[in-house]
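Below is one structure, written out as structure tokens; comments come after it.
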Amino acid sequence: MEEKISLVNWPQEDGLYKVVQMEIDGDSCLRLGRGVLHANILKDTLDGLGIEYELIVGDSHPDGNVGMGETRVRTEIPSPTGTRYQAVGMGYADVQTADKVAVFSRSSKHYSIGINSDHISRMQEIIPEWKLKTNG
């Protein structure tokens, strides 16, 4: 049985979270996670909704960062687009829960995709009780 996804899975604690901006069955949503890769956020979201996806080969590193002299590892990750979904942006969200403010920035190294400002603007219209901003 498929579930209906919530608009945003806001965290309980302030901090910096990875974010995947998605369109699922025509609905906009944001998925946040800490201590996981963007690919894991996408995979967990799709698996939780029973949505099938193709795997593609992407670059990764155990901690998400590659320093000088280190090499990337080739790994299978969910495709950013499928018949029922599209990951339209990825990056980070600095979330301040008490003030209901989230500032979105940066990008995903796995997918080479950054924050989609148009999607953030659409989400702002849907959830006016939060202040959503983009920063570079």
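In segment 1-12 there is at least one residue that is modelled with pLDDT under 95 and touching a strand residue (DSSP E or B) at 6+ places or on another chain (Cβ under 6 Å).
For segment 19-47, enumerate the residues that are surrounded by 16 or more Cβ atoms within 10 Å (Cβ to Cβ) and acidic (D, E).
Keep residues of segment 19-47 that are surrounded by 16 or more Cβ atoms within 10 Å (Cβ to Cβ), which gives 19-24, 28-33, 37-43, 45-46.
Of everything in segment 19-47, just one residue is surrounded by 16 or more Cβ atoms within 10 Å (Cβ to Cβ) and acidic (D, E), namely E23.
In segment 38-49, the residues that are among the β-branched types (V, I, T) form Cβ pairs under 9 Å with partners that are surrounded by fewer than 21 Cβ atoms within 10 Å (Cβ to Cβ), at six or more places apart or across chains, as follows: I41/L32; I41/G33; T45/I5; T45/N9; T45/I24; T45/C29; T45/I51. Restricting Q96, Q86 to residues that are among the polar types (S, T, N, Q), farther than 15 Å from E23 by Cβ, out of contact with any His (no Cβ under 7 Å at 6 or more places or on another chain) and surrounded by fewer than 17 Cβ atoms within 10 Å (Cβ to Cβ) narrows the list to Q96.
So which of I126, I115 ends up being of a type in the set (V, I, T), at pLDDT 95 or above and crowded, with 20+ Cβ neighbours inside 10 Å?
It is I115.
Has segment 57-68 got at least one residue that is at pLDDT 95 or above, over 17 Å from I115 (Cα atoms) and assigned to a strand (DSSP E or B)? The answer is no; no qualifying residue exists.
The values are calculated or read from the model by the stated rules, or taken from the named source; none is laboratory data. Model, not experiment: these values are computed from the prediction. Counting neighbours? That spans all protein chains shown, and the Cβs are built from the backbone with ideal geometry, glycine included.
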